[in-house]
Amino acid sequence: MNRSDAKQDSSRTVQETARLILRHLRDNEEGASKEALAVKAGVAGVTVQRALKYMREEWDAPLEFVHGSKLWRLLDNSFTLPLTDPEPEDLAAVVFAAALLSPVADAELNARVKRLVEQMDAAVEEAGRSKAEPPGKVRPRSVTATVTTGTRVDSRLVSRLLQAVGSGVVRVEYDSPWSGTRKTHDVEPWQLRVHDGVMYLRAFSRTTGDARVFRVAQIVNARVLPEQTPREPQPPKGNIWGSSDPGYGIDTDRPGVATLRVRGGVARWIANMVWDAGQEDRWIEAGELLERRVPYHSCRELARRLLSIVDGLESIEPAELREEVVSDARAFLLRIDGTPAVG
């Protein structure tokens, strides 16, 4: 056996040991010593040590060494490796995620995700054969999804951005939807986010000297700059997108708190919709007139949303937000009729 083959066999031993350790620690919440793990896996202590290091560095496994008891513990018992040690619940999660992704991903990315689901399906099937009572599992095409505002993205471009997150610099050509111009930015990518079916990039722009949000669908080209490394420190995870959670609004424009009154079927339609984690709803008239107080990051973004329920709106506060909605509606009527709207 040559040195290359020996190294490959050693690597496989470490990975297999890591899988056995993961299963054992998931089943033993109190933890286990290195010696006990070595006996369980049937390997030397040095192999266990390498496997634990591999789990932390390659799998980002949530492991903790308790110095007092000298035990290794798994901090999250739900932690798993879907491709190498799948459970039926892992397959269900990936099937669900694949369905949510399918409306916004391009054909190549959807094909790759489909292969991932098929691999996991086969692995769960194989694992079930060795059990007296094989567990039920989700069929790969049992969930589907559609979105009304999804925008498709180039998976290869997204891959370049993902590979550069936290470690590289990318030159992007960006078609601004608002100014109608194409600009070039040298950016240090921080994170990607899918919001309302649309993918966004949060990055530090060296070109403008500040943190920016880019709509990925508007990026027409992205090229990783070789030998360039980030200069700007990446913010903590909770502050990458700014001081507030952008999960309910990516844009930032005259933030505030809206008080809305909505009537009838539209009120009943939106009653179960969460527009923001801090919203407060109360029925002024049971099942008929709903009052919603909701914080917003962007006046113009919320105004566009309110136009979609204008047939049920009775009042909008504050005045700044109400005027934004009215202004958009007036501009539409002017374009359609050619005459200014009255009132």
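The values are calculated or read from the model by the stated rules, or taken from the named source; none is laboratory data. If you're wondering where the values come from, they're calculated on a predicted model, not measured in any experiment. Note: ideal-geometry Cβ built from the backbone for every residue, glycine included; neighbour counts use all protein chains shown. For the accessible areas, the whole protein counts, side chains as well, though only heavy atoms, and no ligand, DNA or RNA atoms are used. Shrake-Rupley method; radii C 1.70, N 1.55, O 1.52, S 1.80 Å.
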Scoring only Lys, Arg, Asp and Glu (+1, +1, -1, -1) among other residues with Cβ under 14 Å from the Cβ of T259 yields -2
The ³J(HN,Hα) series, computed from each phi in the stretch 174-191 with the Karplus coefficients 6.51, -1.76 and 1.60 at θ = phi - 60°, rounded to the nearest Hz and given as x for glycine or proline, is 10, 8, 5, x, 8, 8, x, 10, 9, 10, 10, 10, 8, 10, 10, x, 10, 6
With all protein chains present and a 1.4 Å probe, the order of H195, H297 from largest accessible area down is H297, H195
Whole-Å distance linking the alpha carbon centroid of the stretch 214-228 with that of the stretch 21-68 is 40 Å
Loop-resident GluC sites (Glu not before Pro) in the stretch 19-86 with no more than 15 other Cβ atoms inside 10 Å, DSSP not H/G/I/E/B, are E29, E30
With label points set 7 Å from each Cα along the Cα-to-Cβ direction at R282 and H67, the distance between them in nm comes to 5.4 nm
Length gained if Q15 through F79 is fully extended, taking 0.36 nm per residue and subtracting the Cα-Cα distance, is 21.4 nm
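Quick one: grab the alpha carbon gyration tensor of the stretch 268-314, order the square roots of its eigenvalues as a ≥ b ≥ c, and give me rounded if a/c is under 1.5, else prolate or oblate depending on whether a/b is larger than b/c.
Oblate, since a/c reaches 1.5 and b/c is not below a/b.
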Using alpha-carbon positions, the gyration tensor of the stretch 158-229 gives root eigenvalues a ≥ b ≥ c; with a/c under 1.5 called rounded, otherwise prolate if a/b exceeds b/c, else oblate, the class is oblate
R231 and R156 label points (each 7 Å along its Cα→Cβ direction) are spaced in nm at 3.1 nm
Packing-ranked peptide list from 331-337, 91-97, highest mean Cβ count within 10 angstrom first, is 91-97, 331-337
Note: A122 to A331 extended length (0.36 nm per residue) minus current alpha-carbon separation gives 69.6 nm
